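Peer 1: My structure is below; once you've seen it, I'll send some questions.
The values are calculated or read from the model by the stated rules, or taken from the named source; none is laboratory data. These figures come from a predicted structure and were not determined experimentally. Cβ placement follows ideal geometry from the backbone for every residue including glycine, while neighbour counts extend to all protein chains displayed. Surface accessibility is based on the protein's heavy atoms, side chains included, excluding ligands, DNA and RNA. Shrake-Rupley method; radii C 1.70, N 1.55, O 1.52, S 1.80 Å.
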There are 2 protein chains.
Amino acid sequence: MNEKPAIAEIVDLLSKKWVMRIIWELRAGPLTFRQLQSACNDLSPTVLNNRLKLLRDAQLALNDPSRGYTLTDMGRDLLEVYKPLNQWAIAWQAAKNDTPETRRPR
Amino acid sequence: MNEKPAIAEIVDLLSKKWVMRIIWELRAGPLTFRQLQSACNDLSPTVLNNRLKLLRDAQLALNDPSRGYTLTDMGRDLLEVYKPLNQWAIAWQAAKNDTPETRRPR
DNA sequence: TTGTTTGCTACTGATAAAGTAGCAAGGTGT
DNA sequence: ACACCTTGCTACTTTATCAGTAGCAAACAA
């Protein structure tokens, strides 16, 4: 039924611009379409709508008309999985900005 | 020195097409430019070269002329961080393809 | 009615990615 | 020297993706 390995499928989805950001912005609770828009640097409704459709199809988010767009349980799980990446990223950013070329001698 | 939070910076990088795939293809050891190309579905040298530059700048990969392109220690660490995502993805793919709409009644 | 907010679409312009051809540098073998 | 490779890479063109703007219909409120 699935042509692709699961990891390839999710990497494809998360490689699309704004997808991870949208999930991130929904971390604290539901947001309306327009709230999401302004949370994501006023991205165009064209792209936002497209991404929300992808996220709904992937069952990572859904639209509860009375509350707004919300993460599903799976969406929240994905955020949990991403937490270690945050730790790694902090160490990475510090390390890559402290290289022989850019570091001044002491 | 850094305008962006580390997590935003790495999400930006990993959101670019082929970046994660390239890291993945280097998991087992060095590959030459052309080996990487064919490993990544014959992607154009234009994009591959661009991505390799990004990865070199991010110090996740480097080019050892005698061996080919290789992951740095940080690059390998990133792969480690991604392992849980693989587990999550398998469960996610199974769950999302077993929904009330697409599932036939028994 | 008038006004507001909702999700969303249509249309246009800009940017990123892909496809193809080919080059210069370095090695290898004759 | 020569003709061959493979290397990383660039130039150029086409196509896909993303962004910006305007605005609509539905739902509700004053």
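Peer 1: For the list (1) within 20 Å of residue A:16 (Cα to Cα); (2) touching a residue at least 24 places away in the same chain (Cβ under 8 Å); (3) surrounded by fewer than 17 Cβ atoms within 10 Å (Cβ to Cβ); (4) more than 9 Å from chain A (Cβ to nearest Cβ), I need the number of the one condition that residue B:17 fails.
Peer 2: Only one criterion in (1) within 20 Å of residue A:16 (Cα to Cα); (2) touching a residue at least 24 places away in the same chain (Cβ under 8 Å); (3) surrounded by fewer than 17 Cβ atoms within 10 Å (Cβ to Cβ); (4) more than 9 Å from chain A (Cβ to nearest Cβ) is unmet by residue B:17, namely (4).
Peer 1: What's the number of the condition residue A:49 fails, among (1) within 12 Å of DNA strand C (Cβ to nearest atom); (2) farther than 24 Å from residue B:17 by Cβ?
Peer 2: Among (1) within 12 Å of DNA strand C (Cβ to nearest atom); (2) farther than 24 Å from residue B:17 by Cβ, residue A:49 violates only (2).
Peer 1: Looking at (1) without any contact (Cβ under 8 Å) to a residue 24 or more places away in the chain; (2) touching a helix residue (DSSP H, G or I) at 6+ places or on another chain (Cβ under 8 Å), which is the one condition that is false for residue A:33?
Peer 2: It fails just one condition, (1).
Peer 1: With respect to residue B:88, is the statement that it is touching an Asp or Glu at 6+ places or on another chain (Cβ under 7 Å) and without any contact (Cβ under 8 Å) to a residue 24 or more places away in the chain true?
Peer 2: Yes.
Peer 1: Let me ask something else. Considering only residues that are open to solvent by less than 40 Å² (accessible area, probe 1.4 Å) and more than 18 Å from residue B:15 (Cβ to Cβ), look in segment A:20-63 and name the one that is farthest from DNA strand D (Cβ to nearest atom).
Peer 2: Only one residue fits best here, namely A:29.
Peer 1: For segment A:64-86, how many residues are within 16 Å of DNA strand C (Cβ to nearest atom) and surrounded by fewer than 17 Cβ atoms within 10 Å (Cβ to Cβ)?
Peer 2: Result for segment A:64-86: 6.
Peer 1: Please work out if residue B:89 is open to solvent by less than 40 Å² (accessible area, probe 1.4 Å), at the interface with another protein chain (Cβ under 8 Å from one of its Cβ atoms) and within 16 Å of DNA strand C (Cβ to nearest atom).
Peer 2: no
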